[in-house]
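The values are calculated or read from the model by the stated rules, or taken from the named source; none is laboratory data. Quantities reported herein were computed from a predicted structural model and do not represent experimental measurements. Cβ placement follows ideal geometry from the backbone for every residue including glycine, while neighbour counts extend to all protein chains displayed. These accessible areas exclude ligands, DNA and RNA; they are computed on the full protein's heavy atoms, side chains included. Shrake-Rupley method; radii C 1.70, N 1.55, O 1.52, S 1.80 Å.
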Amino acid sequence: EPEVTQTPSHQVTQMGQEVILRCVPISNHLYFYWYRQILGQKVEFLVSFYNNEISEKSEIFDDQFSVERPDGSNFTLKIRSTKLEDSAMYFCASSAGTKGDYGYTFGSGTRLTVV
Amino acid sequence: AQSVTQLDSHVSVSEGTPVLLRCNYSSSYSPSLFWYVQHPNKGLQLLLKYTSAATLVKGINGFEAEFKKSETSFHLTKPSAHMSDAAEYFCVVSGPVNTGRRALTFGSGTRLQVQP
């Protein structure tokens, strides 16, 4: 069964440093997403990406965040200057984008710890 | 805007007994609804989805859910719990069908504990 792959599974970074979280979506999917889950809280939507541009973003996705699809397979989330409150599990997901079908496939997540 | 309320933060059942995880949604349009499961230190796995076809939806591992528009509910059930069902379960609603809005809104989760 096709999978969404995320690397690394766990990343520790110092406050103020830049981090890049990487994802390989399912190859024939058209929509790509990032979600995050702060420990003990709800899973929250960050951003969706389609046709090489952001199609939707939440209030959380401010100027310190950016997304990119640098080649035909990878989808990345960059956090420019990390803060302690960015510590969370970050999930990448993709979907086929078929009309009326919103089924996602999620990756297993990257746990980001900012110290 | 849409929202999801999972009525129980924690449910404990004995192995072999039925499971009921409750979910109510709020939406101003016809929603797509999902249940996801998250095992410890694992990602989010889709259990089942409702997208305006049959109101009784069957998913993986013997789970099913019934969409009840009059009650704005989408409760998850399983006739007989197994130890491997112990996990966190999320009820999820999507943006309006046939629009560009695909962001998912998650409930706060229900932790299912299965006692031997």
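Miscellaneous remarks
- Heavy-atom accessible surface that B and A bury in contact, both chains counted, 1.4 Å, Å² to 100: 1900 Å²
- Only Cα sites of the protein assembly as shown enter the Debye sum here, all with the same form factor; the resulting log10 I(q)/I(0) across q = 0.10, 0.15 1/Å is -0.46, -1.01, listed in q order.
- Computed from point charges on the beta carbon alone (+1 for Lys and Arg, -1 for Asp and Glu), the dipole magnitude for the protein assembly as shown about its Cα centre is near 200 Debye.
- With all protein chains in place and a 1.4 Å probe, the accessible surface of the stretch B:3-115 carries 50 percent carbon and sulfur.
- Low-density loop cleavage sites - GluC sites (Glu not before Pro) in the stretch B:1-106, where at most 15 other Cβ are within 10 Å (DSSP): B:GLU15, B:GLU71
- Fluctuation leader among B:PRO18, B:PRO79, B:PRO40 - chain B, Gaussian network, Cα springs under 10 angstrom: B:PRO40
- Residues of the stretch B:3-115: accessible area per residue with a 1.4 Å probe, Å²: 45 Å²
- Chain B: most fluctuating residue of B:SER73, B:SER12, B:SER94 per GNM, C-alpha cutoff 10 Å: B:SER12
- Accessible area of chain A belonging to carbon and sulfur atoms, whole % at 1.4 Å probe: 45 percent
- Taking 22 Å as the limit for the C-alpha separation, the pairs A:LYS83/B:LYS42; B:LYS49/B:LYS78; B:LYS42/B:LYS69; A:LYS57/B:LYS69; A:LYS57/B:LYS42 exceed it in the case of A:LYS83/B:LYS42; B:LYS42/B:LYS69; A:LYS57/B:LYS69; A:LYS57/B:LYS42.
- For chain A: relative contact order, % (alpha-carbon pairs under 8 angstrom, 6 or more apart): 38 percent
- Residue-level accessible surface for A:LYS42, protein heavy atoms, 1.4 Å, Å²: 90 Å²
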